[in-house]
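Encoded as structure tokens, the structure appears first; notes follow it.
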Amino acid sequence: MTVKIKGKSKQEICHFVLNNAGTCMLREGDVVPRNTKKTGRNYQLAKQNLDQIFDKLPDPIFVTDQYGNVLLSNSTTALTLDMSLDQLLKSNIRDLVNKGYYTKSYALEAVEKKCVVKGELTTRLNFKQMSTSTPIMDDEGNVILVLTTGRTIDIADKCTSPEERELINRRKREMEYLRSYVLDTDTIVAESKAMRQLLLQAHAVAQTDSTVVLYGETGSGKEILAKYLHRHSKRAGEPFIAVNCATFPEHLVESELFGYEKGAFTGANAEGKIGLFEAAHRGTLFLDEIAELPFSLQSKLLRVLETYEVRRLGSHVDRKLDFRLIAATHKDLQKMTQDGTFRADLYYRLNVIPIHIPPLRDRPEDIVALSFKFLEDFKKKYGPEIQLTPDTLESFRKYHWPGNVRELRNVVERLVISGLQSDSSEQLVLDTQIDGIVSQYDYFRLAGLNGTLKQVMRALEERYIYQVLNECGGRIGEAADKLGIYRTVLYRKLKAFERERNAAK
């Protein structure tokens, strides 16, 4: 069976795929089909909705020309190949096969045979698929396009045990989970020398199974880096299970991590529950905020890491596991061991490969790059064509960013939303203050604040400290010298300011 289409123009081809393949993703520069020019606005609106549906399809779908160049695709296809959608749209199928992204291409075979070709293949991330390539031909019998769809091979029906069936179902769930972060929105920005060196280290570490501890301030991107390590490891096709140790009530942490058998305790699920350790079997377990793990459970975690066996609550059976552990914290674990709040033996078991993520204030090159990245993300989300002004970018570079990348993202989103409400310029102009950024005239306004002398002096102290930090480009040591205080005193004051702001919220 073949599909024929009259005409050879690119716009007619794209229109055909749009109508017959459900939808397509047109690249920048494509022309609206001739027969839709009269209703171009409606066409574009319909196309945008279809694009959203198309890109959320759980199965791969893409279109190539007769030479194997990828013309259209969805992000699921890119996911299975461990590459971004933009990279895939610049690729040739023959080159991808030669580089090991695919074990075989049926699209090329469909061009040669001029008929539908299907069969099994394995992608770079070890996803096994049933691929179907359908040639699209013109009225002269020449292949001009090939539409290829993929479907994950479902072997659940062939499984003879509940354990095998659970493994297959978990892989399906993980496929959808992986889609949420493999896209460009989670690409690590590394314009600064510090981040480039960190990524080189991370890429080398990703190839091993060694335990990693990520150190970094709140909002610095520890989970993003953990996903990067998983995505570039030999476990990339397996589960990535993220656990925030600070979010579980202490009485539930053990049952969540280890799981439990049916009837293990009052209120337990009647069928029992698999623990997060088991869920990460063959994949990666990410324990965020590891310093918040209750002291009573630290010894049990140590045993798991030494034996790689877990026992569910209410069970007498040890289950053998295989997972790679990545932990993260914004605290000094070594100091906590000295204070007796973190087990020393667990610390030395975890701290095999420590990776320190520098705070955003120490890498100004990334501030600008991240600002533009977030701006593009929110322009796609909210629609307006707006820009960041040079004054705004300069203010960003000077700001201390105590909330790091997370705070920068929130500020850019706030500015974009503010731009939606403005009828004047299309450029975003930074307000006179964003959190700690203040103008010199704010000091005079402080004299009119209500409150006690102690409260006013406290506010003046905070403003002046942040002013000096801005002048010093966020360098703590230089700011401490200028203020005439020790570095540790400055850190303590900044922490106190942060606690007060959080309490006020």
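Values in this text are rule-based calculations from the coordinates and carry no lab data. The structure presented is a predicted model; accordingly, all values stated were derived computationally and were not measured. Please note: Cβ atoms are built from the backbone with ideal geometry, for glycine as well, and neighbour counts cover all protein chains shown.
For residue 145, the amide hydrogen comes within under 5 Å of the amide hydrogens of 136, counting only partners 5 or more places away or on other chains and with H modelled in the peptide plane. Full extension of the chain segment joining residue 499 with residue 308 gains 64.9 nm, where the gain is 0.36 nm per residue of separation less the Cα-Cα distance.
Between residue 292 and residue 394, the FRET efficiency from the beta-carbon distance, with R0 = 60 Å, is close to 0.95.
Which pairs in the list 227/495; 222/331; 222/273; 128/380 are over 23 Å apart, alpha-carbon to alpha-carbon?
Working: 227/495 29 Å; 222/331 13 Å; 222/273 28 Å; 128/380 33 Å.
Listed pairs above 23 Å: 227/495; 222/273; 128/380.
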